[in-house]
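Some notes on the structure that comes next.
We did not get these values from a lab; they are worked out from the coordinates using the rules stated. Keep in mind that this is a model prediction, so the values were computed, not measured. Positions of Cβ are generated from backbone atoms using ideal geometry, with glycine treated the same way; all protein chains shown enter the neighbour counts.
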Amino acid sequence: MSTDRRWWALAVIAAAQFMVIMDTSIIGVALPRMREELGFSQGNLSWVFNAYVVAFGGLLLLGGRLSDLVGARRIFAVGWGILAVGSVVAGAATQVWVELAGRAVQGAGAALIAPAALTMLMVLFGGRPAELPKALALYGAAAPAGGTAGVFLGGVITEYVSWPWVFYLNVPIAVVILAVTPRLMPKGVARRGGMDLAGALTVTGGLAAAVYAIVRAPEAGWGSASTILWLGVAVVLLGTFVALQARRRDPLVRLGIFRTPDLSAANLAQLLLGAAWIPMWFFLNLYLQQVLDLGAFASGAALLPMTTMIMLIMIVVAPRLAARFGARAMVVAGLATLAVGLGWLSFVRPTGTFWVDVLTASLVTAAGMALAFIPSLGTALSSARPEEGGLASGIVNTSYQVGSALGLAAMTAVASALGAGQTGDTALLTDGLSSAFVGAGAVAVAGALLAGLTLRGHRALANR
């Protein structure tokens, strides 16, 4: 494939990452209108978000394995088709259950798109060590751009068009991507092997049950019977999955892949990075809107400096530092910097301002995220065998998504217990948000320590 076509293909892959993340943030401003028109209760309104996350997190490993068996380009196209169908269902919904079903279908499509996109990125650039860090940087920068764009677009569409268009927006984009995929994207190689249906069902069910229990726990209670039941179901299904994989000649997930040097350590770093970063993003939004009383547009503008910082460091700075210092130093330094920024954010005040309480601290967290994300992602992907690229992509996506869900649920419980659950008291709310920042900072510290102890790679990512 020519150089120009490879970089155009990367643009499509980055667009996929942009859309997958945007679909998690674009609904935020639309939720009040959806509650009024569809009859959601306040308690189950969060499931417009959670239905997507549960399906996405539960099906990622299956999506990665299918990319290896069927071919990444084909699975990428199927994922976009499913995402478009789910978007139409979600936009046309007139009942709560239809809306949630549409969101779950969207999540299922995203679970095919994400690992297939990463697999094709490695096909295009994996054998080009000088270009791989740049490609991963552009891919990684698409995520914060999608998150911030979702806040703006959700507000514009809800205010000036109507809320269903936050979902319908995906359809023309899917049509364009499906049209260019056969010409731009690498065909890839379909590997021989069975599907391992039992393994697919148990791991998908286990991951979905775990994510379901985690995202519901702050509402139901961590010690509630329903939370314990769903976590028990997850443990049983995932235990069954591991037992099946150990016995099968052609498993869905070759367990030996976790003995690959640095792969498990890099996935652990991604899990803890998600567990620290996503709560920060979530609770910073709450502080901006509920304490500083900024509107949706102003809150989105307040996130722009962070997004710009992440994109600048990922694209310009991180590849050069990785080439000089190597992946382990970058991951440790990034997580440590993220912890410093979160500690700084914990000093937010009920009478604070964006310029004093948020701007500088948020830029520090953004720098930490940008430094750690690409080296840990690249290490996880480049450590796997070429024929298991889809599986490695599914594992690393799963690690980050499960870490995000677990971190957000845990920090929500902490914040609620320490004041954020109170309404009408800005001081108590701020105390709760501050405690969440402290908790997320502790997770980042743990991530930095574990990365320093477990990551063995001293070579630069560019030389892998």
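Remarks
- Debye-formula intensities of segment 19-133, expressed as log10 I(q)/I(0) at q = 0.16 Å⁻¹, are -0.72 (one equal scatterer per alpha-carbon, no solvent).
- Taking other C-beta atoms within 10 angstrom as a stand-in for reagent exposure, ILE27, ILE313, ILE257 fall in the order ILE257, ILE27, ILE313, fewest first.
- Each of LYS134, LYS187 has some number of other Cβ atoms within 10 Å of its Cβ, and from fewest to most they run LYS187, LYS134.
- Label-point separation, THR360 to ARG248 (7 Å along Cα→Cβ), nm: 5.4 nm
- Computed from backbone phi, the HN-Hα couplings of segment 426-431 come to 5, 5, 5, 4, 5, 4 Hz, rounded to whole numbers (Karplus: 6.51 cos²θ - 1.76 cosθ + 1.60, θ = phi - 60°; Gly and Pro given as x).
- Between LEU312 and ASP293, the modelled labels are 3.2 nm apart [label points 7 Å from Cα along Cα→Cβ].
- About the Cα centre, charge dipole magnitude for the chain (Lys/Arg +1, Asp/Glu -1 at Cβ), debye: 1900 debye
- Full extension of the chain segment joining ARG5 with ARG128 gains 42.8 nm, where the gain is 0.36 nm per residue of separation less the Cα-Cα distance.
- The convex hull around the C-alpha trace of segment 256-464, projected and averaged over every direction, spans 11.2 square nanometres.
- Calculated translational diffusion coefficient of segment 378-427 (25 °C, 0.890 mPa s; Stokes-Einstein with Kirkwood radius over alpha-carbon pairs) equals 183 µm²/s.
- Segment 197-251 has equivalent-ellipsoid semi-axes of 26, 9, 6 Å, by the square roots of 5 times the alpha carbon gyration tensor eigenvalues, sorted largest first.
- Principal axis dimensions, segment 36-102 - Cα atoms, whole angstrom, descending: 44, 21, 11
- Likely footprinting exposure, GLU131, GLU388, fewest C-beta neighbours within 10 Å first: GLU131, GLU388
- Dividing the mean sequence gap of close Cα pairs (under 8 Å, 6+ apart) by how many residues the chain holds gives a relative contact order of 22 percent.
- Residues with amide H under 5 Å from that of GLY71, placed H, sequence gap 5 or more: ARG191
- Extension gain (nm, one decimal) between ARG33 and ALA323, 0.36 nm per residue minus Cα-Cα: 99.6 nm
- Estimated D of segment 357-451 in µm² per second, where Rh is the Kirkwood radius over Cα pairs and Stokes-Einstein applies at 10 °C, 1.306 mPa s: 103 µm²/s
- Contact order normalised by residue count of segment 39-170, Cα under 8 Å, 6+ apart, percent: 29 percent
- Across segment 75-86, computed HN-Hα scalar couplings (Karplus, 6.51 cos²θ - 1.76 cosθ + 1.60, θ = phi - 60°) run 5, 4, 5, 4, x, 5, x, 5, 4, 5, 4, x Hz from first to last residue, x flagging Gly and Pro.
- Using the Karplus relation 6.51 cos²θ - 1.76 cosθ + 1.60 with θ = phi - 60°, the per-residue 3J(HN,Hα) values for segment 96-113 come to 4, 5, 5, 4, 5, 5, x, 5, 5, 5, 4, x, 5, x, 4, 5, 8, 5 Hz, with x marking Gly and Pro.
- In terms of overall dimensions, the C-alpha atoms belonging to the chain reach 60, 51, 45 Å along their principal axes, ordered largest to smallest.
- Think of it as helices only: each DSSP H run of n ≥ 4 in the chain is worth -39500 (n - 2.57), and spread over all residues that comes to -26000 deg cm²/dmol at 222 nm.
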